[in-house]
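Since the structure comes first, as structure tokens, the remarks are kept for the end.
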């Protein structure tokens, strides 16, 4: 008897972000065996990384262990590893973890490997301007931000103090706006009175973008509202400005007035995303096309052309110019899981994925956010309350919600930051790892 016929349908899901995790949960009661492979042992609520970086939340509150999240789902197992190769002919994936490489076979495959930070061909910028895509990024930035104030306190050179107290955020999308707003709140509301030699209120927070507006996808009205609030916070917004170089002590920009340099010790990159290398590997293996960002061009039902057993969802897929946001990942992951369930039940498949836009949100400061929900536009306190409710709904785990509310209360109602611990290891680990990799044969 064919061994394959005796087995339950095997579903391999690559990535435990929003797309992968929600696809896994959507298969909970299906007659399948799910193997979820992820590069970390936790699910990351990426939209709140900036709050880890600015000392509001701990990393554990936005990154629950996958095994804990899925502990009641008996048909799912979790494996630690980064998938480096997909073989569509043999129907297997190859993954690597520290000290080990392994293969997993599949009958259906959902690829939800997310996206990486894009420096638009200038990857050397990453050493000096970390992005906001991982816990490591957030902890490194936390160390850099709070260390800048500590070093300024003991510095005696006015030029060095000014450089340390200048924070540059590149990218005026939601992540950049939220990051700039929180650093401004740190400098102007939370830290004054805690230093003797410096006044944190003298800090400069500069937000840079090559586009002519902040939050360009939110529409003119909300963009204008956000810009006004940023100005009220003391953030210097430089639009139509392109970054041309970044180094350890500053950043060079180019605008209509020409090229100039901004001396800054802390730079944060919040501009641009790119598909992971796995996307191009899968495209080469299947003959599929990719778009300019490296995302797979998929069929309307999110399958890879010529391979109805492979689904690419979330930030991995290029379909109908859908944005790379959490809701697209959640809904496309659920859609792919639904297609697998229908196929196993003998029902027609191939239904196109239909995205329901639940709106866009971005917080600027405490009690101030912008929200675009269908035809409705909200700003200020109402927008902030919507932001609060939505983020609580999608935080995974009751414990995470409770502790997040407690820390938000401390930060937004009071003047404290619950998570200000930073270590030199967090700040310099990236450079140490790069040096280690260069020494490898």
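Here, each number is a calculation from the coordinates, and none is a lab measurement. As the structure is a prediction and not an experimental result, all values here were calculated from the model.
The table for this structure:
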| read-out | value |
| --- | --- |
| Beta bridges per DSSP with both ends in region 1-115, % antiparallel, nearest 5 | 45 |
| Relative contact order (%) - criterion: Cα under 8 Å, at least six apart; region: region 1-122 | 32 |
| Relative contact order (%) - criterion: Cα under 8 Å, at least six apart; region: region 350-403 | 24 |
| 10 Å-binned pair-distance histogram of the chain (Cα, whole percent) | 4, 20, 30, 25, 14, 5, 1, 0, 0 |
| Length added when fully stretched, residue 358-residue 247, from 0.36 nm per residue minus Cα-Cα | 36.0 nm |
| Beta bridges per DSSP with both ends in the chain, % antiparallel, nearest 5 | 55 |
| Dmax and Rg, reported as Rg then Dmax, of region 306-441 (C-alpha, Å) | 21.2, 59 |
| The chain: angle of helix 174-185 to the longest principal axis, Cα-based, in degrees nearest 10 | 30 |
| Global size of region 59-170 as Cα Rg and Dmax, reported in angstrom | 20.9, 65 |
| Rounded tilt (10° steps) of 135-154 against the dominant C-alpha axis of the chain | 10 |
| Relative contact order [Cα under 8 Å, 6+ residues apart], the chain, whole percent | 19 |
| Rounded tilt (10° steps) of 398-408 against the dominant C-alpha axis of the chain | 10 |
